[in-house]
1. Go through segment 206-224 and give me each residue that's of a type outside the set (A, V, I, L, M, F, W, C) and closer than 17 Å to residue 280 by Cα.
2. Taking segment 102-157 as the region of interest, how many residues are on the phi < 0 side of the Ramachandran plot, touching a strand residue (DSSP E or B) at 6+ places or on another chain (Cβ under 6 Å) and outside any helix (DSSP H, G or I)?
3. So if I check each of 92, 14, 54, 36, which one is outside the structural domain of residue 279 (by TED's automatic domain parsing), under 13 Å from the mean Cα position of the chain (by Cα) and modelled with pLDDT under 95?
4. For residue 235, are the conditions met, namely being modelled with pLDDT under 90 and either surrounded by 13 or more Cβ atoms within 10 Å (Cβ to Cβ) or closer than 25 Å to residue 156 by Cβ (or both)?
5. Quick one: which of 38, 21, 46, 56 is within 29 Å of residue 277 (Cα to Cα), assigned to a loop (DSSP other than H, G, I, E, B) and either touching a residue at least 40 places away in the same chain (Cβ under 8 Å) or not small (Gly, Ala, Ser) (or both)?
6. If I filter segment 60-82 for residues that are charged (D, E, K, R), part of a helix (DSSP H, G or I), without any contact (Cβ under 8 Å) to a residue 60 or more places away in the chain and touching a strand residue (DSSP E or B) at 6+ places or on another chain (Cβ under 9 Å), do I get at least one hit?
7. Does segment 242-251 contain at least one residue that is crowded, with 19+ Cβ neighbours inside 10 Å and farther than 24 Å from residue 179 by Cα?
8. Quick one: in segment 126-158, which of the residues that are within 13 Å of the chain's Cα centre (by Cα) and of a type in the set (Val, Ile, Thr) is surrounded by the fewest Cβ atoms within 10 Å (Cβ to Cβ)?
Amino acid sequence: MLIVLAPAKLNLTLEVLAKRDDGFHEIRSVIQAINLCDSFSFQSGDGIEFKCDLPDWVAAESLVSRAAGLLRQASGGSQGASIEISKRIPLLSGLGGDSSDAAATLRGLNQLWELGLSPEELLELAWQLGSDVAFFLYGGTALVEGRGEIITPLPPLPHRWVILALPPVPRLPGKTRRLYHSLKASHYTDGQITQRLVEELKAGRGFSPSLLFNTFENVAFSHFSELGVSRSHMEKMGARHVHLAGSGPALFTLVEHKAQAEEFYTLLQRQRLAPYLAETLDAIDRVE
């Protein structure tokens with residue numbers, strides 16, 4: 001049996017520079033992997049079979065089905081697999097779970113079927129699946145540009161504990177597209193916010209949470225009033241620099257010390273904000 005972990009991610013910065021001629025948006029973002037992970041178990045089998053411990057998860061609605069199909073084409077269409085998925089990343093939360101699952105499927109089946117596809121060949125497949133999938137073939141900390149397909153690994157973020165909260169916001173398919181369409185030209189930036197964080201990481205200086213930025217916060221809090229209420233609760237309990245994770249609805253804050261993180265996690269549990277406690281991951285931390 002082959003085990004592959006699929007980590008969640010945070011957008012430490014997320015800038016939208018412009019709308020592209022192809023209908024997508026030009027972005028600049030620093031993305032960070034965290035150790036909140038789905039787990040994949042791969043075994044040889046007949047056909048492609050998925051089993052998941054989360055009842056709401058549907059293979060046909062996930063990128064993992066497309067990822068498996070692409071790899072099966074690469075293998076000549078004859079090999080099969082039984083894939084069991086243990087889900088910990090909440091669905092449609094802004095944490096990149098489906099994209100990470102797709103990347104885990106590419107890596108796992110490439111190894112299970114002994115296809116020998118190079119990282120570059122896997123990236124070509126990742127780009128066909130979605131904007132965030134390529135990042136998860138790298139993990140760690142990375143600068144992401146273009147529509148999400150241009151990945152530049154960065155020196156690791158100084159270790160931080162991550163406290164996540166899931167506000168009671170409806171999980172809507174197409175949420176990210178909706179937020180992109182809600183952005184106005186005044187919400188576009190020139191990429192310099194992200195550049196400042198990139199320079200700090202390359203210089204090895206201490207990380208300041210004041211460098212965090214997510215342009216979706218300009219529109220998400222007006223679309224979903226519960227987000228603002230939950231962020232206000234977190235701030236009243238002592239959280240600083242609370243930000244939206246990707247397109248949300250997950251909110252996060254970063255702290256240096258484990259004891260502080262555990263204390264705040266317990267407070268969020270009492271407030272029934274569906275918290276998660278995680279840590280930042282270096283690329284070398286990835287386990288397969």
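1. Of everything in segment 206-224, those that are of a type outside the set (A, V, I, L, M, F, W, C) and closer than 17 Å to residue 280 by Cα turn out to be 206, 208, 209.
2. Total meeting the criteria: 12.
3. Sole residue among the options that is outside the structural domain of residue 279 (by TED's automatic domain parsing), under 13 Å from the mean Cα position of the chain (by Cα) and modelled with pLDDT under 95: 92.
4. It is false that residue 235 is modelled with pLDDT under 90 and either surrounded by 13 or more Cβ atoms within 10 Å (Cβ to Cβ) or closer than 25 Å to residue 156 by Cβ (or both).
5. 56
6. yes
7. no
8. Checked segment 126-158; the qualifying residue surrounded by the fewest Cβ atoms within 10 Å (Cβ to Cβ) is 141.
The values are calculated or read from the model by the stated rules, or taken from the named source; none is laboratory data. Everything quoted here is computed from the prediction, not taken from an experiment. Don't worry about glycine lacking a Cβ; one is built from the backbone with ideal geometry, like all the others, and counts go over all protein chains shown.
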